[in-house]
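Asker: Dropping a structure here in structure tokens format, bear with me for questions.
The values are calculated or read from the model by the stated rules, or taken from the named source; none is laboratory data. Just so we're clear, the structure is a prediction, and the values are computed from it rather than from any experiment. Using ideal geometry, Cβ is built from the backbone for each residue, glycine included, and neighbour counts are taken over all protein chains shown.
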Amino acid sequence: MGIVVVGSLAFDNIKTPFGEVKNALGGSALYFSTAASFFNSVSIVAVVGSDFNFDEIKFLEDKNVNLKNISVKAGDTFRWKGYYDFNLNEAHTLETHLNVFADFKPELTEDILDEDYLFLANIDPELQLSVIQQMKNPGFIAADTMNYWIDNKKDKVAEVFTKVDAVTINEAEIRQFTGEFNLKVAAKKILDLGVEYVIIKRGEYGVLMIDKYQRVFFTPAYLLETIFDPTGAGDTFAGGMIGYLSTRENIENDLRKSIVYGSVMASYDVENFSIKRLKELSASDIEKRYNHFISYCELGIKNV
Ligand code: AMP
């Protein structure tokens, strides 16, 4: 069974301590689907403006990504402008222009309503709710969000969380959403909404997962020497995680492994701007880094 993702397709202007790009292809749905396409088929639900050139995402079609639910509307594509200082874990937003997303009401095509995996990438929570409503009965739904939506539509973000199995959220955002500094307490507040897995992205410090039984799983990030741009790392992580998970029988058994695959994909994303690095990857690159990752994470402690 394939994956459906709703999220942004965007043009990004980004500055990091290591360089700058203008009008780079971005958006939460783009990063997610690029990563997930290494594992399974993906359908993107999004909208773009008349300034969008589909040739730029032709490579996705070649990788079994269904683009039929990307609407084209008169107007401009979503635009985001942001920067990072030396704390690459925190994006600073300078401008958000929703443009054609401002009044987008998706109508999903019949052929994707039965898919089993749904990822609600960072986008207007009302749009996320509309997609949940249209899907027939997905076996696994995960949702992400961002400070912009917590600032502007917190009640709707909370409503989304009551309808999903997993929430992927970064450290600053879970603190903002719950008003709690302590991550365990903050995760508990989201679990109390009925979520089974809270997956907290901590940038270069890795990922912390707490489930509804208060079981904890923690992994570092893959340690890199060269990082250019963390944009999209969170969505790429989710794409790798859900992509891998969607090929497995049992979520409970394979969630930890899928978090490591997500971390591997995110580590590739940050090595260059936009999706440049992800586009050139092969399945064997991913396997190689996955195997290296799990071997160096071995603690090597013996209880004698
Ligand atoms: P990430 O770094 O994983 O949080 O995702 C970055 C991507 O999210 C960028 O490519 C942006 O275009 C996109 N983005 C930024 N702000 C928003 C927003 N308010 N809603 C949806 N997507 C956004």
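Asker: Please specify each residue of the range 121-144 satisfying the condition of being over 15 Å from Ile70 (Cα atoms), of a type outside the set (S, T, N, Q) and part of a helix (DSSP H, G or I).
Answerer: Pro125, Glu126, Leu129, Ile132 - these are the residues of the range 121-144 that are over 15 Å from Ile70 (Cα atoms), of a type outside the set (S, T, N, Q) and part of a helix (DSSP H, G or I).
Asker: How many residues, within the range 156-187, are out of contact with any helix residue (DSSP H, G or I) (no Cβ under 8 Å at 6 or more places or on another chain), within 23 Å of Ala221 (Cα to Cα) and surrounded by fewer than 17 Cβ atoms within 10 Å (Cβ to Cβ)?
Answerer: 2
Asker: How many of the residues making up the range 1-32 are within 12 Å of the chain's Cα centre (by Cα), more than 8 Å from the ligand (Cβ to nearest atom) and outside any helix (DSSP H, G or I)?
Answerer: Residues that pass the stated criteria total 2.
Asker: Of everything in the range 273-287, what is of a type in the set (S, T, N, Q) and either assigned to a helix (DSSP H, G or I) or surrounded by fewer than 19 Cβ atoms within 10 Å (Cβ to Cβ) (or both)? Give them in sequence order. Step through it out loud before you land on a result.
Answerer: Within the range 273-287, the subset of a type in the set (S, T, N, Q) is 274, 282, 284.
Ser282, Ser284, listed by residue number.
Asker: Quick one: is Tyr290 of a type in the set (Ser, Thr, Tyr), surrounded by 11 or more Cβ atoms within 10 Å (Cβ to Cβ) and more than 15 Å from the chain's Cα centre (by Cα)?
Answerer: On the way: of a type in the set (Ser, Thr, Tyr): yes; surrounded by 11 or more Cβ atoms within 10 Å (Cβ to Cβ): yes; more than 15 Å from the chain's Cα centre (by Cα): yes.
Yes; evaluated as a whole, the condition is true for this residue.
Asker: Of all the residues that make up the range 145-154, how many are free of Cβ contacts under 8 Å to residues at least 12 places away in the same chain and assigned to a loop (DSSP other than H, G, I, E, B)?
Answerer: Within the range 145-154, residues that are free of Cβ contacts under 8 Å to residues at least 12 places away in the same chain and assigned to a loop (DSSP other than H, G, I, E, B) number 0.
Asker: Taking only pairs six or more apart or across chains, which ones have beta-carbon atoms under 8 Å, a first residue in the range 270-294 that is free of Cβ contacts under 8 Å to residues at least 24 places away in the same chain, and a second residue that is assigned to a helix (DSSP H, G or I)?
Answerer: Arg277/Tyr268; Arg277/Asp269; Asp285/Tyr268
Asker: Residue by residue through the range 121-143, note down the ones that are within 13 Å of the ligand (Cβ to nearest atom) and surrounded by fewer than 17 Cβ atoms within 10 Å (Cβ to Cβ). First the steps, then the outcome.
Answerer: Within the range 121-143, the subset within 13 Å of the ligand (Cβ to nearest atom) is 121-128, 143.
Scanning the range 121-143 gives a single hit, Glu126.
Asker: Ok, one more. Would you point out which residue out of Leu120, Leu129, Leu98 is more than 30 Å from Ala283 (Cβ to Cβ), touching a helix residue (DSSP H, G or I) at 6+ places or on another chain (Cβ under 7 Å) and of a type in the set (A, V, I, L, M)?
Answerer: On the way: Leu120 fails: more than 30 Å from Ala283 (Cβ to Cβ); Leu98 fails: touching a helix residue (DSSP H, G or I) at 6+ places or on another chain (Cβ under 7 Å).
The match here is Leu129.
Asker: Working only within the range 202-254, note down all residues that are within 16 Å of the ligand (Cβ to nearest atom), modelled with pLDDT of 95 or more and in a helix (DSSP H, G or I).
Answerer: Ala233, Gly234, Asp235, Thr236, Phe237, Ala238, Gly239, Gly240, Met241, Ile242, Gly243
Asker: Let me confirm something: among Val72, Val65, Val48, which residue is surrounded by 12 or more Cβ atoms within 10 Å (Cβ to Cβ) and touching a Gly at 6+ places or on another chain (Cβ under 8 Å)? Reasoning before the result, please.
Answerer: On the way: Val65 fails: touching a Gly at 6+ places or on another chain (Cβ under 8 Å); Val48 fails: touching a Gly at 6+ places or on another chain (Cβ under 8 Å).
Of the residues listed, the single one that is surrounded by 12 or more Cβ atoms within 10 Å (Cβ to Cβ) and touching a Gly at 6+ places or on another chain (Cβ under 8 Å) is Val72.
Asker: Also, I was wondering about something else. Among the strands (runs of 3 or more DSSP E) contained in the range 77-120, which hold 3 or more residues that are surrounded by 12 or more Cβ atoms within 10 Å (Cβ to Cβ) and within 12 Å of the ligand (Cβ to nearest atom)?
Answerer: Working: elements: 78-83, 92-97, 117-120.
Ranges flagged: 78-83, 92-97.
Asker: Quick one: count up the residues across the range 9-45 that are polar (S, T, N, Q), over 20 Å from Val100 (Cα atoms) and out of contact with any helix residue (DSSP H, G or I) (no Cβ under 9 Å at 6 or more places or on another chain).
Answerer: Total satisfying the criteria: 2.
Asker: While we're here: If you go through the range 34-51 one residue at a time, do you hit one that is of a type outside the set (Gly, Ala, Ser), within 26 Å of Thr168 (Cα to Cα), in a helix (DSSP H, G or I) and touching a Phe, Trp or Tyr at 6+ places or on another chain (Cβ under 7 Å)?
Answerer: Initially, the range 34-51 is screened for residues of a type outside the set (Gly, Ala, Ser), giving 34, 38-40, 42, 44-45, 47-48, 51.
Subsequent filtering for residues that are within 26 Å of Thr168 (Cα to Cα) retains 34, 38-40, 42, 44-45, 47-48.
If we keep only those that are in a helix (DSSP H, G or I) as well, we get 34.
From what's left, touching a Phe, Trp or Tyr at 6+ places or on another chain (Cβ under 7 Å): none.
No; the residues of the range 34-51 include none that is of a type outside the set (Gly, Ala, Ser), within 26 Å of Thr168 (Cα to Cα), in a helix (DSSP H, G or I) and touching a Phe, Trp or Tyr at 6+ places or on another chain (Cβ under 7 Å).
Asker: For the list (1) without any contact (Cβ under 8 Å) to a residue 24 or more places away in the chain; (2) closer than 22 Å to Leu129 by Cβ, I need the number of the one condition that Glu61 fails.
Answerer: Failed condition: (2).
Asker: What's the number of the only condition in (1) under 30 Å from Tyr84 (Cα atoms); (2) within 19 Å of the chain's Cα centre (by Cα); (3) more than 16 Å from the ligand (Cβ to nearest atom) that Phe177 fails to meet?
Answerer: (3)
Asker: So, in the range 208-231, of the ones that are among the hydroxyl-bearing types (Ser, Thr, Tyr) and touching a Phe, Trp or Tyr at 6+ places or on another chain (Cβ under 9 Å), which residue ends up farthest from Arg256 (Cα to Cα)?
Answerer: Checked the range 208-231; the qualifying residue farthest from Arg256 (Cα to Cα) is Thr226.
Asker: State whether the residues of the range 227-250 include one that is within 18 Å of the chain's Cα centre (by Cα), surrounded by fewer than 17 Cβ atoms within 10 Å (Cβ to Cβ) and under 30 Å from Val21 (Cα atoms).
Answerer: Filtering the range 227-250 for residues within 18 Å of the chain's Cα centre (by Cα) gives 229-247.
Remaining after also requiring surrounded by fewer than 17 Cβ atoms within 10 Å (Cβ to Cβ): 247.
Filter again for under 30 Å from Val21 (Cα atoms), leaving none.
Checked against the condition, which is being within 18 Å of the chain's Cα centre (by Cα), surrounded by fewer than 17 Cβ atoms within 10 Å (Cβ to Cβ) and under 30 Å from Val21 (Cα atoms), the range 227-250 yields no hits at all.
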